[in-house]
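Novice: Sharing a structure with you now.
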Amino acid sequence: MRLLLPGLTALLLVSTAQAQDLTAEVAHSWTSGGEAAAVKVIVDAFTARGGKWVDWSVAGFESANAAYISRLLAGDPPTAKTAVAGPEVTELIAQGLMNDVDAAFHAAVPAGVVPQVVLNAITVDGKVYMAPTGMHAGNWMFYSKPVFEKAGIAEAPKTWDEFFAAMDKIKAAGLTPIAWGGQSWQEGIVFHGVVLSTIGDAAFTKLYTDKDLSVIDTPEFTKAVETFGKLRDYVDPGAPGRNWNDATAMVIKDEAGVQLLSDFIKGEFSTAGEVAGTDYGCALVPGSDSLITLADAFSFPKTGNADEDAAQALLAEVVLDPKVQAEFSVIKGSVPIRTDIDTSGFDVCAQEAIGLVKADKIVLDAAMTLSPAINGGFKDAVGAYFADPSMSVESFIEQYKAAFANG
């Protein structure tokens, strides 16, 4: 009988694997060319380990999130959903709507290789609920090297005065200075980049982490609002409502000089065959020496289905795999969440970001520290201000400050 046990055990394991349905319906908004290529890394690895990926993608983060919340509250959630680690998910955890993946996380990730600020954001009551894919930073400036050369700009501007002088040169050369995505969530990212560059790291954290509204009443914050408003003079008439990847295409095609946004846009450059440092350049928003960071992650709704629970654990394991993290981040434009990954082959923009993360030159994005309601109020205020040049700085600041009452 002992001689038969290994064969019987193998047969039982095969039967169990065949019986378990590891199908995962995954909700996300990663639909652009670069994003889709990055998602494929995860899909392929998940499939190779026995999973079946059912894609539920909705273009546009806000549209995708609204559709997801509707299904979640109706009791018909997908197996997993991409999200920003922080209050967006922890509010749902508090309502008892999410599964933890604590066992899968600790089986896949050695202690000490995930930054503590990220670990704090994905942990509730001692259990890990999210599988982070990577860190993004919102305060980047990506620029077309051919456009800079044509306009006679020798290097990336380091101050706002230098920036606006450079934009004037691009305008004089008959090109669009800033490739602008005129959607409030994009404008909110740019605004916070301007704020950090003007008020500094300590005040930024004081405002967006500690909710100390006295920062808004400072001359430095007013200066940030004025600087942001001045950007209106350098966007084209087609900017309102433009998708971020369409704005990125303007830089790729050398039709516009710069795009101010997060490093997730790098995936579009890569997909187009552009090389960082050769075809395009990158620099932090003028006046900055720190990153505004957030962590993307997969979250896992309660489905009441044991097979889907198992699929969630497998997906978490896949997302946290070091090889998957590295390949995904190269394409997506992010920094791997794991610090034990060899990043020597990453591009020059990523290397700069990695160096800043290692030097702890980071501040947390408001999406990781404040409620979705507060962040929604920010976007409404910023979008209204940028769209209406007649709105006074004082009126905008009053509306922006009022957003904190939402949460």
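We did not get these values from a lab; they are worked out from the coordinates using the rules stated. Keep in mind the model is a prediction, meaning the values are calculated, not measured. Reconstructed Cβ throughout: ideal geometry from the backbone, glycine too, with neighbour counts over all protein chains shown.
Novice: Where the centre of each part is set by its Cα atoms, how far does the stretch 358-386 sit from the stretch 222-285, in angstrom?
Specialist: If we compute the Cα centre of each part, the gap is 19 Å.
Novice: I'd like to compare 119-132, 177-190, 220-233: which one has the highest average count of other Cβ atoms within 10 Å, and what's the full order after that?
Specialist: 177-190, 119-132, 220-233
Novice: While we're on this one: When the Cα centres of the stretch 54-78 and the stretch 133-188 are compared, how far apart do they sit, in Å?
Specialist: 34
Novice: First check a/c for the chain, with a ≥ b ≥ c the square roots of the eigenvalues of its C-alpha gyration tensor; if it is under 1.5, answer rounded, and if not, answer prolate when a/b is larger than b/c or oblate otherwise.
Specialist: prolate
Novice: While we're here: Could the peptides 96-103, 54-61, 42-49 be put in order, highest first, of the mean number of other beta-carbon atoms found within 10 Å of their residues?
Specialist: Values: 96-103: 18.2, 54-61: 14.6, 42-49: 16.8.
Result, highest mean Cβ count within 10 Å first: 96-103, 42-49, 54-61.
Novice: Now for a separate question. Sort D380, D342, D296 so that the residue with the fewest other Cβ atoms within 10 Å of its own Cβ comes first and the one with the most comes last.
Specialist: Going from sparsest to densest Cβ surroundings: D342, D380, D296.
Novice: Relative to the present Cα-Cα distance, how much length would full extension add between K145 and D309 at 0.36 nm per residue of separation?
Specialist: Length gained, K145 through D309: 54.2 nm.
Novice: Simple spin-label model, 7 Å along Cα-to-Cβ: S63 to Q20 in nm?
Specialist: If labels sit at S63 and Q20, their model points lie 3.7 nm apart.
Novice: Using Cα positions and a limit of under 19 Å, work out the aspartates and glutamates in reach of K302, with same-chain residues fewer than 8 apart set aside.
Specialist: D21, E25, D55, D76, E88, E91, D100, D102, D125, E317
Novice: D21: net charge of surrounding residues, Cβ under 15 Å, Lys/Arg +1, Asp/Glu -1, itself excluded?
Specialist: Details: positive: R49, K52; negative: E25, D307, E308, D309.
Every neighbour counted, the sum reads -2.
Novice: Separate question: Considering only DSSP beta bridges whose two residues both sit in the chain, what percent are antiparallel, to the nearest 5?
Specialist: Percentage antiparallel, nearest 5: 60.
Novice: Within 10 Å of each residue's Cβ, count the other Cβ atoms and sort Y400, Y385 from fewest upward. Could the numbers behind the result be given before it?
Specialist: On the way: Y400 21, Y385 24.
In order of increasing Cβ crowding within 10 Å: Y400, Y385.
Novice: What pairs in K81/K266; K52/K332; K206/K361; K81/K145; K127/K401 have C-alpha atoms more than 27 Å from each other?
Specialist: Among K81/K266; K52/K332; K206/K361; K81/K145; K127/K401, the Cα-Cα distance tops 27 Å for K81/K145; K127/K401.
Novice: Provide the net charge surrounding L261, with neighbours chosen by a C-beta distance below 11 Å and charges set as Lys +1, Arg +1, Asp -1, Glu -1. All intermediate terms of the calculation are to be shown ahead of the outcome.
Specialist: Working: positive: K266; negative: E187, D263, E268.
Neighbourhood net charge equals -2.
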